[in-house]
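Readers should treat all values here as calculations from the given coordinates under stated rules, not as data from a laboratory. Given the structure is predicted, the values throughout are model-derived calculations rather than measurements. Note that each Cβ is placed from the backbone with ideal geometry, even for glycine, and that neighbours are counted across all protein chains shown.
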Amino acid sequence: MACVLAVQAQCYTAIVPESAQSLRAKLLAAPQSCFVARRGAAMVGYLVALPLRWPELPALDSPDCLLPAQPDTLYLHDLALAAPARGSGAGRALVDAALAQAALWRLPQAALVAIQDSARYWQALGFRALAAQGQPLQAKLASYGAGAVLMRKELL
């Protein structure tokens, strides 16, 4: 967990990073869809992804993580890469691993919230911006800070 928190601290400047408790809850809730990237023995990145029902996204920094019995979306909650891993293809490999898990689960779509001007990166991977419909989803999106973009990709 310390390696995840170290990478997270390097990556997030526009929002307050999630607590160790929040990240641990997500990792324990869906270990099959959470992945790490390594360079040698060092962990240089991670992806936390959660199977859920659209549009019920988890709240940022929630202390617990309860997943639905019948998910329909893989939510890519947190992709973070340490500086040495950026541009190496590690991010794409992590996303590919998560989307492969979504295919095993036969989930028809993936979604995410792009922050810190990352929407173009996600667009290059086939995700498209969409408007947050309804107050609960709008409030969750707002918690990610100014410029957060809700995005989704059809998988099936």
Report summary line: Pairs returned, first residue in the stretch 143-156 that is of a type in the set (Lys, Arg), second residue that is assigned to a loop (DSSP other than H, G, I, E, B), beta-carbon separation under 7 angstrom, 6 or more apart or interchain, are Arg152/Phe127; Arg152/Leu130; Lys153/Gly126; Lys153/Phe127
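Among the listed residues Ser88, Ser22, Ser62, which satisfies the condition of being within 20 Å of Trp122 (Cα to Cα), hydroxyl-bearing (Ser, Thr, Tyr) and either assigned to a loop (DSSP other than H, G, I, E, B) or out of contact with any Phe, Trp or Tyr (no Cβ under 9 Å at 6 or more places or on another chain) (or both)?
Ser88
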Requested in this report: Scan the stretch 32-83 for residues that are β-branched (Val, Ile, Thr) and more than 19 Å from Ser143 (Cα to Cα) and jot them down.
Outcome: Val36, Val44, Thr73
Report task. Being within 19 Å of Tyr12 (Cα to Cα) and of a type in the set (D, E, K, R) is the filter here, so list the residues in the stretch 32-68 that pass it. Result -> Asp61
Report task. Determine which single condition Lys140 fails, assuming it passes every other condition in (1) part of a helix (DSSP H, G or I); (2) charged (D, E, K, R); (3) farther than 13 Å from Leu57 by Cα. Result -> (3)
Query - Contacts under 6 angstrom Cβ, first residue in the stretch 87-111 being closer than 21 Å to Arg39 by Cβ, partner of a type in the set (Phe, Trp, Tyr), 6 or more apart - result: Leu94/Phe35; Ala97/Phe35
Query raised in the report: If you scan the stretch 29-59, which residues turn out to be part of a helix (DSSP H, G or I) and buried (at least 23 other Cβ atoms within 10 Å of the Cβ)?
Result: Ser33
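Let's see how each residue does on (1) hydrophobic (A, V, I, L, M, F, W, C); (2) closer than 21 Å to Ala131 by Cα; (3) in contact (Cβ under 8 Å) with a residue 24 or more places away in the chain:
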{"site": "Ser22", "(1), (2), (3)": "no, no, yes"}
{"site": "Ala29", "(1), (2), (3)": "yes, no, yes"}
{"site": "Phe35", "(1), (2), (3)": "yes, no, yes"}
{"site": "Asp64", "(1), (2), (3)": "no, no, yes"}
{"site": "His77", "(1), (2), (3)": "no, yes, yes"}
Query raised in the report: Name the pairs: first residue in the stretch 39-56 and free of Cβ contacts under 8 Å to residues at least 24 places away in the same chain, second residue among the polar types (S, T, N, Q), Cβ to Cβ under 6 Å, at least 6 apart or on different chains?
Result: Leu52/Thr73
Query raised in the report: Given Leu94, Leu79, which one is buried (at least 23 other Cβ atoms within 10 Å of the Cβ), out of contact with any His (no Cβ under 6 Å at 6 or more places or on another chain) and either among the charged types (D, E, K, R) or part of a strand (DSSP E or B) (or both)?
Result: Leu79
